[in-house]
Amino acid sequence: MCGLSGEVRFDGRLPDLAAVERMTDRLAPRGPDGRGLWSQGCVALGHRRLKIIDLSESGAQPMADPRARLVGVFNGCVYNYRELQQELTGLGHRFFSRSDTEVVLAAYREWGTACVERFHGMFAFVIVEQDTGRVVLARDRLGIKPLYLAETPGRLRFASSLPALLAAGGVDTSIDPVALHHYLSWHATVPAPRTVLNGVRKLPPATVRVVEPDGTHRDHRYWQPEYTRRPEYAGLSAEDWTEAVLDALRQAVRRRMVADVPVGVLLSGGLDSSLIVALLADEGQSDLATFSVGFESEGGEEGDEFHYSDLVARHFGTDHHQLLVPSDRLSRALDGAVKAMSEPMISHDVVAFHLLSEQVAKEVKVVQSGQGADEVFAGYHWYPDMARVPRPQAAEAYAETYFDRPHADLARMLEPDVLPARDVSGDFVHEHMAVPGAETALDADLRLDTHVMMIDDPVKRVDNMTMDWGLEARVPFLDHQLVELAAACPPELKLADGGKGVLKAAGRKVLPREVVDRPKGYFPVPAIKHMAGPVLQRVREALSAPEARARGIFRRTYVDELLAAPDAHRTKRGANALWQVALLETWLQTHEIT
């Protein structure tokens with residue numbers, strides 16, 4: 001929930017309050033229920049509030065702890081805040097609200113930066129120590145909540161979205177060639193700390209950054225599971241693992257019901273979201289609101305999975321809502337989705353999530369969603385190939401199965417001044433695969449996908465699209481204890497049954513078999529995948545605009561080749577190359593980046 005912003009000065013000057021106000025106002029969609037500002041000395045903070053826990057004004061932010069002389073802004077939810085509040089009360093702390101934000105401040109006062117290790121949840125926060133001038137920034141273990149940074153000599157600005165930093169002004173908006181290389185290699189993923197803009201960075205997940213008054217800082221990464229077989233699980237049978245996964249997921253789903261408002265579910269009809277519905281039903285949740293979206297068929301491809309979502313909704317008696325989007329609406333909807341993107345994203349379902357979130361936000365403020373299960377439990381089609389690769393060859397195999405295109409192909413796509421001389425994406429993967437703590441090539445792959453690639457693709461996508469409508473999405477498959485359990489699970493149990501075997505076995509205990517044993521589905525948006533008329537027209541406009549020609553990222557001969565055959569050029573992973581190129585340019589134009 002919410003959006004935060006702020007500025008810290010290191011040069012003796014006062015922060016630019018007008019700039020902080022502009023950032024805060026740009027975050028209004030993330031927090032439509034309240035607005036707050038605070039400034040003292042070299043620091044200013046801004047906040048937009050989405051009321052989910054403690055709906056009174058006692059939960060307003062920025063929030064101060066006058067006894068400890070701390071002030072903070074917080075985005076997200078600490079699901080175990082009630083238990084922590086009880087523990088902290090026993091240690092002598094007193095509380096004036098029922099908010100998790102106040103618990104975060106008290107936990108920092110009691111345990112310092114180690115407080116993050118006690119939090120179950122998704123969060124980004126900034127805490128100011130008024131007496132020392134020290135500023136502490138932190139992000140949750142799986143990077144579910146974002147925190148963007150723009151640092152210039154004498155100044156640091158931060159915000160929950162990149163467009164908010166742009167609203168403040170003074171950002172270096174030149175293209176980062178390394179990030180562009182990542183974008184074109186990894187299906188538009190740009191891992192932290194980079195973004196496609198040279199002047200904007202991201203605080204990495206599972207990281208606490210302590211910024212001193214002189215501008216120096218130190219980072220501490222506080223969590224990284226070992227992808228090895230752990231002694232405490234030795235001797236567990238396949239059935240034991242199934243029960244352990246089901247219990248951990250049940251706990252994760254239960255935690256994410258913590259709210260002072262109703263919580264719904266985004267129900268695609270696939271295994272992952274259906275499991276969430278089933279476990280909530282097992283918990284006795286009544287009148288559960290569920291939501292599905294579908295699209296018109298294009299190019300002979302179906303655009304909805306309503307058969308399965310309807311089946312689950314009927315089976316568990318949910319209050320089900322369907323949204324069918326006609327193709328002619330997509331070109332208009334695309335502009336709204338791109339405006340909501342903190343960074344360019346090419347997955348088709350980004351538009352689907354934006355449209356669905358608009359409708360869902362009219363009914364509820366919080367939903368649970370099934371993102372992350374494929375990375376955590378090895379559900380994608382390339383994982384069996386990785387499992388057959390010797391551990392020392394993991395990086396080469398990953399590049400062959402995961403990359404959209406090899407480095408050599410970028411030379412004919414990009415103008416020379418934005419083309420790195422080295423294969424920086426290949427180097428990145430080699431570096432990550434070489435880190436100890438992953439037993440097999442598949443373990444190393446899952447570690448990279450879960451803790452790097454997933455965070456800056458599906459996780460970011462869901463946060464951006466839902467929060468643009470003031471809707472908070474909670475992702476139980478990214479509960480850190482569930483992720484730790486899955487990391488230790490034997491690879492063969494995850495790969496069984498065509499992928500996600502242990503999760504499917506858990507599903508058979510609580511779901512109709514038709515849902516568990518169906519063919520794997522995706523979130524198709526056929527009109528985008530096949531460049532249907534209105535979408536193609538929007539793409540042509542973006543790539544023909546004077547800004548695109550002046551920017552000179554892509555070679556014109558390559559762009560003309562794509563436009564001549566819009567549906568013919570596919571990356572190794574099947575993405576439409578024209579869409580990938582056009583989306584980047586559309587995003588830059590939408591956010592008025594020159």
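The values are calculated or read from the model by the stated rules, or taken from the named source; none is laboratory data. No experiment lies behind these values; they were computed from the predicted model shown. Cβ sites come from the backbone with ideal geometry, for glycine too, and all protein chains shown count toward neighbours. The protein model used for the area step is the full one, side chains on, heavy atoms only, and it has no ligands, DNA or RNA in it. Shrake-Rupley method; radii C 1.70, N 1.55, O 1.52, S 1.80 Å.
Tabulated results
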| quantity | calculated |
| --- | --- |
| Label of the coordinate-derived value, semi-axes √(5λ) of the Cα gyration tensor in Å, listed as (i) 34, 31, 25; (ii) 41, 32, 21; (iii) 71, 44, 19 | (i) |
| Residue-level accessible surface for residue 492, protein heavy atoms, 1.4 Å, Å² | 120 |
| Förster radius 41 Å - calculated FRET efficiency between residue 381 and residue 230, Cβ distance, rounded to 0.05 | 0.90 |
| Helix-only [θ]222 nm of the chain, DSSP H runs n ≥ 4, -39500 (n - 2.57) each, per residue, nearest 500 | -11000 deg cm²/dmol |
| Which of 108, 233 is most accessible, then next, and so on - probe 1.4 Å | 233, 108 |
| Cα-projected label distance for residue 408 with residue 537, points at 7 Å along beta-carbon direction, nm | 4.1 |
| Span from the the range 461-492 Cα centroid across to the the range 549-594 one, whole angstrom | 30 |
| Net length gained if the chain between residue 556 and residue 282 were fully extended (0.36 nm per residue, minus Cα distance) | 92.9 nm |
| Within the accessible area of the range 190-252 (1.4 Å probe), percent carbon and sulfur | 52 |
| Which of 500, 339 is most accessible, then next, and so on - probe 1.4 Å | 339, 500 |
| Environment charge at residue 236 (Cβ cut-off 11 Å; Lys +1, Arg +1, Asp -1, Glu -1) | -2 |
| Rounded to whole Hz, the Karplus (6.51, -1.76, 1.60) HN-Hα couplings of the range 345-350, x for glycine and proline | 9, 9, 4, 4, 6, 5 |
| Listed residues 175, 346 arranged by accessible area, highest first, probe 1.4 Å | 175, 346 |
| Counted charge near residue 98, where neighbours are those whose Cβ lies closer than 14 Å (Asp, Glu -1; Lys, Arg +1) | -3 |
| Extension gain, residue 243 back to residue 111 (0.36 nm per residue minus Cα-Cα distance, nm) | 44.1 nm |
| Set of lysines near residue 500 by C-alpha distance (under 20 Å), chain-local residues within fewer than 8 positions excluded | 509, 520 |
| Surface per residue (accessible, 1.4 Å probe) for the chain, Å² | 35 |
| Within the range 116-143, backbone nitrogen closer than 20 Å to the virtual label 7 Å beyond the Cα of residue 218 toward Cβ | 116-118, 126-139 |
| Sulfur and carbon atoms: percent of accessible area, the range 413-525 [1.4 Å] | 56 |
